[in-house]
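Laboratory data are not the source of any read-out in this text; all were calculated from the coordinates shown. Worth saying up front: this structure is predicted, and the values here are computed from it rather than measured. Backbone-built Cβ (ideal geometry, glycine too); neighbour counts: all protein chains shown.
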Amino acid sequence: MKLALIRSTAAAVLLGSLALTAPAMADDPAPAPAALDADAARLSATGHSVKWNWVPPGRSARYGHAETLIHAPLAAVRHLVVDYVRYRELAPSITTSRVVGHEPDGASDVYLAMGVLNNTISLWSVMRFAPLKAAPDGVEVVEGQMVPGKGNIDDSQLLWSMHAAGAEWTVLKLDLLLRPGVPAPQSLVDEQLRDSAMDAVNSVHDRAQGSRDFVPFSG
């Protein structure tokens, strides 16, 4: 049971440390409309990143969710979200991150591996990341799905969402799903997914902004 819990926990951390990519956009969209800036105002009032578990609209499973407000332009945040080869820098346990394939539609396959228990156990998966999609309202979305059979966990999915809240601010959100392939209480899976999502958005926050400070939103 201890090994099962270790694998479940480590797999969730791996998933939380994943990132995804898409071709760089030539021009950034216009800043998000005022309705979306409500996210920035809400996060600013809270004073820190937030996390929870939920079933996102259109989904049937429970995901870990996290959000943060970053005092940096959307382009800077996007650059970090899509930087595959440097994702091993997100956590000391990540040992490998490399692009291993491309699909005709522009999707990218990324191999990620991590070591646990002093690298005596290795967890890995190949994630297929669809090209970035930009909505008319300025929201950008990238979704990743584990390629079936390519990993020693059963399944994982992730969904990044980001939008500009003015020229120098970005709201970043992440939803994570993990099926570890070993028996584990749902409460443990929930905890690891929301914590992993928080770790991921905070990592992008700190590097894009250049500090860990949670800067009050100024619009």
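One decimal place: the segment residue 137-residue 85 gains 15.8 nm when fully extended, by the rule 0.36 nm per residue minus the C-alpha distance.
Distant-in-sequence amide contacts of residue 96, defined by a placed amide H-H separation under 5 Å and a gap of 5 or more residues or a different chain, comprise 113.
Rounded to whole numbers, the Karplus 3J(HN,Hα) couplings from phi for the range 170-179 are 9, 9, 10, 10, 9, 10, 10, 10, 9, 10 Hz, using 6.51 cos²θ - 1.76 cosθ + 1.60 with θ = phi - 60°, and x at Gly and Pro. What is the calculated FRET efficiency for residue 59 to residue 120, with r their C-beta to C-beta distance and R₀ = 41 Å, to the nearest 0.05? In this case the efficiency is close to 0.75. Note that the range 79-219, at 4 °C in a medium of 1.567 mPa s, gets a Stokes-Einstein diffusion coefficient of 78 µm²/s from its Kirkwood radius over C-alpha pairs. In terms of other Cβ atoms within 10 Å, 170, 68, 96 run from fewest to most in the order 96, 68, 170.
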